[in-house]
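The values are calculated or read from the model by the stated rules, or taken from the named source; none is laboratory data. Note that this is a predicted model, so its numbers are computed, not measured. Methodologically, a virtual Cβ is constructed for each residue, glycine included, from the backbone with ideal geometry; neighbour enumeration extends over all protein chains shown. Calculation scope for accessible area: heavy atoms of the full protein, side chains included, ligands and nucleic acids excluded. Shrake-Rupley method; radii C 1.70, N 1.55, O 1.52, S 1.80 Å.
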Amino acid sequence: MKKIAILGSTGSIGRSTLDVISQNTDYFRVVALAAGRNLDLLEQQIRMYRPEVVSVANKETADVLNKRVSSVEILSGLEGINCIASHDDVDFVVSAIVGSAGLIPTLTAIKSGKKIGLANKEALVMAGEIMVSELNHNKTQIIPIDSEHSAIFQCIEGHNKKDIEKLVLTASGGPFAHKNKEELDHITAEDALQHPNWKMGKKITIDSATLMNKGFEVIEACWLFDMPPEKIDVLIHPQSIVHSMVEFRDRSFLAQMSIPDMRGPISYALQYPDRISNPIHRLELDKIDSLTFSKPDREKFPCLSYAYHAIQTGGTAPCILNASNEVAVQAFLENRIGFHDISVIIRRAIDDHQVKYPRDLEDVLEADRWGKEKAEKIVQEIQRC
Ligand code: MG
């Protein structure tokens with residue numbers, strides 16, 4: 001029986017993970033859950049899955065939860081999440097906290113030698129080099145939960161790295177693939193939150209609409225599969241059936257297909273290398289008219305190019321990309337800036353940043369702080385205009 005901890009249990013990936021576990025109680029036991037402030041849902045999860053320990057945002061939230069449930073240890077804050085990530089009774093950690101907040105707990109889990117199911121791509125974008133070196137040092141492994149990387153992971157299984165010509169990440173193109181530049185200027189947060197194929201959290205839905213999500217995924221793929229950015233392509237595939245592909249040197253492509261549902265990659269990560277049943281619908285290929293692929297419009301969606309540029313530059317550049325994006329997306333969700341401003345803010349933050357080569361986590365966190373402060377200043381300037 002595999003003992004599971006979920007960092008971010010009340011979010012979209014956390015809920016889907018629990019759904020998969022519910023169908024496979026012979027294989028998995030939930031030992032620890034970390035959530036933020038959604039106490040109603042966490043309380044339900046505690047009653048249903050009976051973890052030994054949970055962690056919430058802060059002391060005040062922990063006090064409220066303490067009055068509502070007994071028979072579970074309740075921790076709080078970063079210290080609490082780190083305890084969950086490194087808990088002695090846990091074999092496998094699902095890292096599903098959104099954004100830069102996921103970095104330290106994910107690193108803590110790696111340093112404790114836990115196997116990780118990684119949904120938080122921002123950790124690898126910010127500190128890829130440090131994470132890879134800690135994975136090697138602690139002799140443990142990340143199994144990707146991001147659907148594209150899960151697809152690639154499945155396609156390269158059993159193959160030699162030297163035979164891989166290209167990794168091809170597919171992208172749905174988001175809700176605005178067919179809008180022109182002018183129309184993009186008038187998009188609201190509400191419009192952007194309507195993703196055509198995937199049901200996801202707010203930040204990643206906006207990141208998908210700007211294609212920054214795909215940019216992050218290029219960087220994530222570089223670190224996960226030890227590939228240079230030149231060997232990673234992106235294709236728009238609006239049907240979201242082919243989750244990604246690998247091209248080999250004999251010109252063969254291998255692709256992984258299913259209907260778009262995160263419970264697919266989650267169940268693969270949880271029980272890798274075995275496959276288990278999950279609650280997702282069967283892909284009925286005879287009901288699909290066509291599968292189409294096209295190149296992304298980088299002029300309309302410049303964030304993708306910024307991501308390639310950042311990983312080619314290396315050092316703190318990807319960290320600034322992530323930090324400025326996080327601030328810009330939050331400002332857009334609060335209706336403080338327009339859709340187009342997101343990429344403007346990222347571009348300006350990157351242009352103003354002097355790239356450094358981080359020696360340790362503190363250097364990464366310092367760059368993250370700089371990037372967030374810089375982006376916030378630019379947001380305020382835009383608001384004044
Ligand atoms: Mg993805």
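The calculated FRET efficiency for Leu291 paired with Lys2, based on their beta-carbon distance and R0 = 35 Å, is about 0.50.
Between segment 12-36 and segment 136-177, the C-alpha centres lie 23 angstrom from each other. Here each label is just a point 7 Å from Cα along the line to Cβ, and for Val64 and Gln44 those points are 1.7 nm apart.
For segment 2-140, the solvent-accessible area with a 1.4 angstrom probe is 41 square angstrom per residue. Taking GluC sites (Glu not before Pro) across segment 309-385, the ones in a DSSP loop with at most 16 further Cβ atoms lying within 10 angstrom of their Cβ are Glu334.
Annotation: amide H-H contacts under 5 Å for Thr10 (H modelled 1.01 Å from N, sequence separation of 5 or more, or interchain): Gly36.
What fraction of the Cα pairs in segment 199-337, stated in percent, has a spacing above 21 angstrom? Percentage above 21 Å: 53. Overall shape of segment 2-140 was characterised from the C-alpha gyration tensor. The equivalent ellipsoid obtained from it has semi-axes of 23, 16, 13 Å, in decreasing order. What the phi angles of segment 155-164 give under the Karplus curve with 6.51, -1.76 and 1.60, with θ = phi - 60°, is a coupling list of 6, 8, 3, x, 10, 7, 4, 5, 8, 7 Hz, glycine and proline written as x. Taking amide H atoms as placed 1.01 Å from N in the peptide plane, the amide H of Leu75 lies under 5 Å from those of Val54, Ser55, Val56, each 5 or more residues away in sequence or on another chain. Across the chain, the relative contact order, built from alpha-carbon pairs under 8 Å that are at least six residues apart, equals 15 percent. Quick one: net charge around Thr106, please, counting Lys, Arg +1 and Asp, Glu -1 for every other residue with C-beta under 11 Å from its C-beta. Neighbour charge sum, excluding Thr106 itself: +1. With 22 Å as the limit, write out which pairs from Lys139/Lys214; Lys3/Lys203; Lys181/Lys374; Lys181/Lys295 have Cα-Cα distances beyond it, or answer none. The pairs that break the limit, which is 22 Å between Cα atoms, are Lys139/Lys214; Lys3/Lys203; Lys181/Lys374. In the assembled protein chains, His281 presents an accessible area of approximately 140 Å² (probe radius 1.4 Å). Looking at segment 46-106, none of the trypsin sites (Lys or Arg not before Pro) sits in a DSSP loop with at most 16 other Cβ atoms within 10 Å of its own Cβ. The trypsin sites (Lys or Arg not before Pro) found in segment 162-235 that occupy coil by DSSP, while having at most 15 further C-beta atoms within 10 Å, are Lys199.
A simple rule links phi to the HN-Hα coupling: the Karplus curve 6.51 cos²θ - 1.76 cosθ + 1.60 with θ = phi - 60°, which for segment 371-385 gives x, 5, 5, 4, 5, 5, 4, 5, 4, 5, 4, 5, 5, 6, 5 Hz, with x for Gly and Pro. Based on C-alpha pairs under 8 angstrom that are at least 6 apart in sequence, segment 2-140 has a relative contact order of 23 percent. Any idea how far the Cα center of segment 346-382 sits from the one of segment 229-287, in Å? Spelled out, the Cα-based centre of one part sits 34 Å from the other.
Counting Lys +1, Arg +1, Asp -1, Glu -1, what net charge surrounds Ile13 among other residues with beta carbon under 10 Å of its beta carbon? Within the 10 Å Cβ shell, the charges total +1. For Glu165, the residues 5 or more places off, or on other chains, whose built amide H falls under 5 Å of its own are Glu247, Phe248, Arg249.
Length gained on full extension, Glu366 to Asp274: 29.1 nm, using 0.36 nm per residue less the C-alpha separation.
Near Phe216: Cβ cut-off under 12 Å, other residues only, Lys/Arg at +1 and Asp/Glu at -1. The net charge is -4.
Probe radius 1.4 Å, ligands and nucleic acids ignored: give me the carbon and sulfur share of the accessible area of the chain as a rounded percent. Ligands and nucleic acids excluded, carbon and sulfur reach 47 percent.
Can you work out the FRET efficiency for the pair Ser71 and Thr188, with r the C-beta to C-beta distance and R0 = 45 Å, to the nearest 0.05? Step by step, r from the Cβ atoms, then E = 0.50.
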